[in-house]
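Written out below as structure tokens is the structure these notes cover.
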Amino acid sequence: MPLIDIIAGARPNFMKIAPIIRAIEALNDIDTHLKYRLIHTGQHYDQSMSDNFFTQLGIPHPDFNLEVGSGTQAEQTARIMVRYETLLLKSASDLCLVVGDVTSTLACAIAAQKLCIPVAHVEGGIRSGDWSMPEEINRMATDAITNWFFTTSKYANNNLRKMGVQEDRIFFVGNTMIDSLLANIDKLTAPAGWNELRIDAGNYFVITLHRPANVDTLEKFIPLLKNIGTGAREFPVIFPVHPRTAKNLSKVDTLPSNILLMDPLPYLEFNYLVKHAKAVITDSGGITEEATVMGVPCMTLRDSTERPETIEIGTNELVGTDPTCLPQYFERLFANGWKKGSIPPKWDGKAGQRIAEILQRIL
Ligand code: UD1
């Protein structure tokens, strides 16, 4: 029976693997078809960045944790490659399934493919064209050595065709991150202490910021925070702070008074806040997808996106990273001029099931 390694390393991986594991287990309930090992690289290790997601999303305990921890891009990539290769040399698998675009995605794909273990990439083919982001390098390099692509959009399919990938290696399955959202939408819960804050639904903003381009220099970070605080007028802005961002935030003397800081939130609590927000302001890619599906206006503080469908079909707008661009978007929102948006094709909660059925067929 074929053995699949399912790789997860960082926060945005966990909601993408959960539905795939669930779908494989559902197939196996009927008859055992596919065996898998869950491998956590340990890229994210804090309870708030990892364990909370396993618990809330019902992901089984990993079979292996490579415990690589933090480091520079090269250090982290190298540690993951060495530790995953060691595992594969002791006990090989028949397929390495990677998701998304984090360092763990690329590192495990390289280690596996060099041992002639085929690679499947969930969310393959998306491109922002921005080589200054490590994620874009991870996407390009992973896709160059991927055998089977599970894609989220027609843009991804077209990018892969332009690379010369044959049609029979591309499977347009939808979006596993959205599978997780739809599976949990009725379970979303307010964060602890939310009621005491007395903030009404629709009367607050949520921000998430962690891209080096936005948070690593105070020259950029402080004006962004100031313009967000001003743009939001009298409304509170809830800011769950990523560990990378926390380091620089501690050097900011005065925050706009309507910005309320929180620790990183678990999945159900974070998406509760997004669902009921007036708008989300973010530099994350995944959150633009979730906001699109929940119909919540989304302002993206980046100059490019690998997810153009969230803009063309969804509720997302690409604001850019220049803080002076923000006011016009807040004006539009307060004038009730934000687009309504709809849901991209195949973002229907069934991507994991499609992936499991295809894996069963091709392995
Ligand atoms: C990574 C991903 C990014 C994703 C983000 C979500 C890459 C290249 N980037 O960025 O695509 O959007 O995760 O969170 O893979 N840290 C902790 N605790 C943790 C993990 C990290 O304190 O559990 C701190 C460390 O100081 C670390 C820093 O955060 O140096 C950055 O972590 P890292 O995994 O390198 O990248 P992210 O910025 O989290």
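Tabulated data for the structure shown
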quantity	calculated
Relative contact order of the chain, pairs being alpha-carbon contacts under 8 Å that are 6 or more residues apart, as %	17
Point-to-point label distance, residue 161-residue 115, nm (Cα→Cβ direction, 7 Å offset)	3.6
Accessible area of the chain belonging to carbon and sulfur atoms, whole % at 1.4 Å probe	52
Lysines whose Cα lies under 17 Å from that of residue 90, excluding same-chain neighbours fewer than 8 positions away	114
Point-charge dipole on Cβ atoms (K/R +1, D/E -1) for the chain, about Cα centre, debye to 20	280
By accessible area with a 1.4 Å probe, ligands and nucleic acids excluded, highest first: order of 302, 198, 11	198, 11, 302
Heavy-atom accessible area per residue - the stretch 185-252, 1.4 Å, Å²	50
Alpha-carbon centroid distance for the pair the stretch 8-72 / the stretch 80-158, whole angstrom	16
222 nm mean residue ellipticity, helices alone, for the chain (DSSP H n ≥ 4; -39,500 (n - 2.57); rounded to 500)	-12500 deg cm²/dmol
Sequence ranges 166-177, 81-92, ranked by mean other-Cβ count within 10 angstrom, highest first	166-177, 81-92
Nearest-0.05 FRET efficiency for residue 303 and residue 73, computed from C-beta distance (R0 22 Å)	0.60
Gyration tensor verdict on the chain (Cα atoms; rounded if a/c is under 1.5, prolate if a/b is larger than b/c, oblate otherwise)	prolate
Relative packing of peptides 221-230, 154-163 - highest average C-beta neighbours within 10 Å first	221-230, 154-163
Accessible area per residue, Å², the stretch 1-82 with all protein chains present, probe 1.4 Å	43
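The values are calculated or read from the model by the stated rules, or taken from the named source; none is laboratory data. Note that the coordinates shown come from a computational prediction; the quantities given were computed from them, not determined experimentally. Glycine gets a Cβ as well: all are built from the backbone with ideal geometry, and neighbour counts include every protein chain shown. The accessibility values were calculated without ligands, DNA or RNA, using every heavy atom of the protein model including side chains. Shrake-Rupley method; radii C 1.70, N 1.55, O 1.52, S 1.80 Å.
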